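Notes to accompany the following structure.
Where a number appears in this text, it was derived from the coordinates with a stated rule and is not lab data. Remember, predicted model here, so these are calculated numbers, not experimental data. Glycine gets a Cβ as well: all are built from the backbone with ideal geometry, and neighbour counts include every protein chain shown.
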Amino acid sequence: MVNVKLDFLKINSETTTTTLIENLEFQLTQNNVYTILGKNGTGKTSLILALTRLLDENKFSYKGNINIFGNDVFNLSQNELSNFRQKNVRYVFQDPIGCLDPLKKIGYFFERFQFSETEINEQFDYFQLPAYDEIKKLHPYELSVGMAQRVNIILSLLAKPKLMILDEPTSALDLPIANLLLERLKQFAAQHNNIVLIVTQDIVFAKKVSDYLAVLANKTLSTFRGVKALNGNDTEQALKNFLNLYNEIVN
C-alpha cells in the first residue's frame, strides 16, 4: 500500500518560492492501475519524483508523510532509500533517450540486471521491436524516441517492481503500441500485489487502462474515482464532476 500526504511541495530560487502542490493526500492499493490527469505545469512530474525523493533538495522543499510498502520514505537514509528504490520502484520517464547513459549500448542496461534473454526476447516481440540481438548493439541516441520509450518500459517490466510509475507513457507511441502497453500494464498490476501509477494528459488511454482516476489541478488532487463507477446511473454527479475536469484539461 502507498499512503501519500503532502502539506506542500515548493520550488525555490534565489529570489522566489513557488508552491506547486498543497494539501494533497491519496492512497494506492495493490493490484490496481491509478492515473493522475493534469495539464502541463500542474506539477505531475514533480509529484511522482517527490514520492521517492528524486527531486533536487537544493531547489525543492516539501513537508508531509509518504509511506510506501511500510517504508517511511522521508525518514530513510540515502543508502536505505537507494536500496528501497532498487528493490521496489521503477520509473518510466517522459524523456526516454535522455534518461539513458548515451555512452552505454542498450545491451548494458539489460545485462547489468542479468535479465534472462528469454524474457527479454518475449517483451521485444510483444512490443513489436526489432530483435534484441540487433538493438543491444546500439546506443540510446541511435533509437527513435518511440523505440527508446518501449525499451524503457521493457526494462521496468523485467525488473518486476512492486510499484511502477510512468510519466506520459504514450507520448511517443502510436495507437497499436499504446493498446499493447495498456494490456500489459493491466496484466502487471494484477500480478504479485503490484501497483501502477501513471501521470498523463492522454484521457482516452487513461480511461481504458485505469481502475481509478484523479485530476491534479489548482495545486491539489481530486479524490480517486473508480472508472467503472463513473458509468453507473447512481454516480451521475461524480461523472459530471469528472467530465468538467476533463474539459478543463482539454480546453
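Filtering region 149-183 to residues that are surrounded by 18 or more Cβ atoms within 10 Å (Cβ to Cβ), among the charged types (D, E, K, R) and within 23 Å of Tyr132 (Cβ to Cβ) leaves only Arg150. Only residues that are in contact (Cβ under 8 Å) with a residue 40 or more places away in the chain, out of contact with any helix residue (DSSP H, G or I) (no Cβ under 9 Å at 6 or more places or on another chain) and surrounded by fewer than 16 Cβ atoms within 10 Å (Cβ to Cβ) were counted in region 28-56, giving 2.
Each residue in region 113-157 was checked for being outside any loop (DSSP other than H, G, I, E, B), within 20 Å of Gly98 (Cα to Cα) and either charged (D, E, K, R) or out of contact with any Ser or Thr (no Cβ under 8 Å at 6 or more places or on another chain) (or both), and 16 of them qualify. For Lys63, the conditions (1) in a strand (DSSP E or B); (2) in contact with a Gly (Cβ under 9 Å, 6 or more places away or on another chain) are fulfilled apart from (2). Condition check for Tyr62 on (1) without any contact (Cβ under 8 Å) to a residue 40 or more places away in the chain; (2) touching a strand residue (DSSP E or B) at 6+ places or on another chain (Cβ under 6 Å); (3) not charged (D, E, K, R): one failure, at (1). Filtering region 114-148 to residues that are buried (at least 19 other Cβ atoms within 10 Å of the Cβ), more than 22 Å from the chain's Cα centre (by Cα) and not hydrophobic (A, V, I, L, M, F, W, C) leaves only Tyr132. Of everything in region 80-104 that is buried (at least 17 other Cβ atoms within 10 Å of the Cβ) and among the charged types (D, E, K, R), the residue that is nearest to Phe69 (Cα to Cα) is Arg85.
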